[in-house]
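Take a look at the structure below.
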Amino acid sequence: MKQDCTVSQSTADETKCFQTSESNEFPKGTHVSEPDKQTGSAIKKHPQANGETETKKDDCTSWSYLFVHNQKVKSIEEQLKKDGVTHFVHKTIKYVPRHRNRGGMCEVETPSVSGLIFLQGDPEKLQDYLDQNVKPYRLCKNCSTWKVATIPCIQMEPFMRVAETEPERLRFLLRPFVYYSKNRTKLRIVTGKYAGLEGYVIRIARDRKLVMDVGGMAVALSGIHAERFEEVNKNEADKKERELFHKRNLQERNAFIDRYFHRVKTAQEVSAQVENIEILRLQTLADVRDKKLDLKDAFATFYFMIEEIGYYYAPFIDSFSNELSPIFEAGRTVMEELQNVITKFKNSNKELHDRCETEFEALQTNYGYLFEF
């Protein structure tokens, strides 16, 4: 999903204009202010939420999110409203020409990130609800923890408040939040109405922004120049974030695939990993050809292979992008196989096609940047 052009101008590829903030380290407890003039997007955005963005603190539960097919967002929103499920969709208002014989412009409201819907509630209960009412979608996982992504209310409420009052300050980034955590100091805003928001101050498009974690996704907040910051306790706050590998309870088939992936330290190990990816790809295609595997399972296999590449090698892309490039090149081939499977579903199974297309867009959101070199 090329969010910087096909979805909305509110989402952009920051890799083309990415620069590290001038200072990555601050003395503990130091307040930092930005005197520069505020800059921001001219795009007018509009949030969509079920009810008020504020929730009672005593009843506050975490938020999760899922990706659905972009054509089904409206109908699913209506279903959620009908069932009283608290949800939020960040939307953008675009101005497009009216009918060519009438002239003028009209407003068209679209999700800022195609098919992205936030839901409030216990993840297990939300998934049960989806299984019964919004099949076949599943809550997204945080690509840095491998668990269902959860967003605390204390973090989600300011995010929705910004989206409602000053939406032009928000910008969804292509890379996951874990990408920005290396060699940087996490800061917390201590002044203004958005006090308490945490993230990394990074220069993007010649403007300093606070890059925040929203369920593993990275969202940049502009207009922070006049705010004061304090350093978050690195020993406590960043310990879990910086942990590269997590214990995973893999299903039998995924555990089998996982045996073909390993950490690499030498060029020889990189070559061996590329060979393993190619072996898995060719074997999967052969199993489909011999009818040992259906296309649905083939899609799941290729999908997990991309997740494996992200799990093992994404944390090192900054330091060893050249050394790891053969692995990411092999990953591009797997991404092409995913697209081929989706194309085959287009005429044979419309529902499965839409589901796989949505999952592929979510995969691109989390890992697409790995294969753009």
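Determine whether segment 343-355 contains at least one residue that is under 17 Å from Glu269 (Cα atoms) and either among the polar types (S, T, N, Q) or in contact with a helix residue (DSSP H, G or I) (Cβ under 6 Å, 6 or more places away or on another chain) (or both).
Within segment 343-355, not a single residue is under 17 Å from Glu269 (Cα atoms) and either among the polar types (S, T, N, Q) or in contact with a helix residue (DSSP H, G or I) (Cβ under 6 Å, 6 or more places away or on another chain) (or both).
Which pairs do you get when a residue that is of a type in the set (D, E, K, R), found in segment 279-299, comes within reach of a residue that is assigned to a helix (DSSP H, G or I), reach meaning Cβ atoms under 7 angstrom, with the pair 6+ apart or on two chains?
The qualifying pairs are Arg281/Thr333; Arg281/Val334; Arg281/Glu337; Lys296/Leu352.
Somewhere in segment 317-339, is a residue without any contact (Cβ under 8 Å) to a residue 12 or more places away in the chain, on the phi < 0 side of the Ramachandran plot and within 20 Å of the chain's Cα centre (by Cα)?
no
Given the criterion touching a residue at least 12 places away in the same chain (Cβ under 8 Å) and over 19 Å from the mean Cα position of the chain (by Cα), identify the matching residue among Arg184, Arg138. First the steps, then the outcome.
Details: Arg138 fails: over 19 Å from the mean Cα position of the chain (by Cα).
Every option except Arg184 fails the conditions.
Return the only residue of Val162, Val211, Val178 being closer than 22 Å to Ser319 by Cβ and assigned to a helix (DSSP H, G or I).
Val178
Just for segment 165-174: of the residues that are in a helix (DSSP H, G or I) and either modelled with pLDDT under 80 or among the β-branched types (Val, Ile, Thr) (or both), which one is nearest to Gln127 (Cα to Cα)?
Once the filter is applied, the top-ranked residue is Pro167.
Among the residues of segment 161-174, is there at least one that is touching a Phe, Trp or Tyr at 6+ places or on another chain (Cβ under 9 Å) and either hydroxyl-bearing (Ser, Thr, Tyr) or surrounded by fewer than 20 Cβ atoms within 10 Å (Cβ to Cβ) (or both)? Let's see the steps before the verdict.
Applying the first criterion (touching a Phe, Trp or Tyr at 6+ places or on another chain (Cβ under 9 Å)) to segment 161-174 yields 161-163, 170, 173-174.
Subset that is either hydroxyl-bearing (Ser, Thr, Tyr) or surrounded by fewer than 20 Cβ atoms within 10 Å (Cβ to Cβ) (or both): 161.
Yes - at least one qualifying residue is present in segment 161-174.
The values are calculated or read from the model by the stated rules, or taken from the named source; none is laboratory data. Everything numeric in this text was worked out from a predicted model, so none of it was measured. Positions of Cβ are generated from backbone atoms using ideal geometry, with glycine treated the same way; all protein chains shown enter the neighbour counts.
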